[in-house]
Amino acid sequence: MPLAFPSRSHGTIVFGFYNIETDSLLLEDLVFFCTDFCEVLAKVSPTEGGTGRLPGYRFVSRRAIGDLMGAIRGERFVGYLGEVYRKWPFPEDPAAFRQRLKGHQTRPEVERLLARWARKVTIPVNWAPAQDLAGIGPYEFSAPQFRALVEYVARGGYPTWEGYLETGARPRWVATLARSWGVDT
């Protein structure tokens, strides 16, 4: 479930996983895959900083994104999120509400759906801890704000990775990111 996070540039923003069957992340009007996000950040020094390029998508309009809460409730299937929730409905059993460890396997289908509602973009990522500044596309964060995003991904967002609370399970690329950034939450 995407959550509200503070940013330097845009006030409160929405960031996070939006469907447990995918490993994609929503950042306001951008979508990118957790696998790519982790790969980019794994190449950036947590202490010295660096830059990277993140493949992703930008929605053509706010309407194209859809209505997350309407889709979760099974009441309003509009836009991209409506299509996602038609394909992968919210689980009836609350115990099943866990981010899937194999969500990366749905990427081809997610990209097919995204192609109808968004355009491919390359998203610049920068991390400058000495300047207390990080950025993902046009969104800028302080170091603590950015670290909160990394911690969210490391734990599998809300509701966490399936099995995470019991065993610490998470995908290999997420575990690598968590170790390198020192966010083994």
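Need the list of lysines near K102 for cross-linking: C-alpha distance under 21 angstrom, and skip anything on the same chain fewer than eight residues off.
Straight-distance partners of K102: K87.
Working with all protein chains in place, sort E166, E151 by solvent-accessible area computed with a 1.4 Å probe, largest first.
Working: E166 135, E151 55 Å².
Ranking E166, E151 by accessible area, largest first, yields E166, E151.
Which far-off residues, 5 or more places away or on another chain, put their amide H under 5 Å from the one on E140, with H placed in the peptide plane?
R8, S9, H10
Quick check for you: with a 1.4 Å probe and neighbouring chains kept, what is the accessible area per residue of the chain, in Å²? If you can, show how the numbers build up before the last one.
Numbers: 8740 Å² over 185 residues.
With all protein chains present, the chain gives 47 Å² per residue.
Using only the Cα atoms of segment 1-142, what are the Rg and Dmax in Å?
Cα only, segment 1-142: 15.5, 47 Å (Rg, Dmax).
Helix 107-117 versus the longest principal axis of the chain: what is the Cα-based angle in degrees, 0 to 90, to the nearest 10?
The helix 107-117 is inclined about 80 degrees to the chain.
How large is the Kirkwood hydrodynamic radius of segment 102-146, in angstrom, based on all distinct alpha carbon pairs?
Hydrodynamic radius (Kirkwood, Cα only) of segment 102-146 equals 12.7 Å.
Protein chains only, probe 1.4 Å: how do H10, H104 rank by accessible area, largest first?
The ranking, largest first, comes out as H10, H104.
The values are calculated or read from the model by the stated rules, or taken from the named source; none is laboratory data. Keep in mind that this is a model prediction, so the values were computed, not measured. Surface accessibility is based on the protein's heavy atoms, side chains included, excluding ligands, DNA and RNA. Shrake-Rupley method; radii C 1.70, N 1.55, O 1.52, S 1.80 Å.
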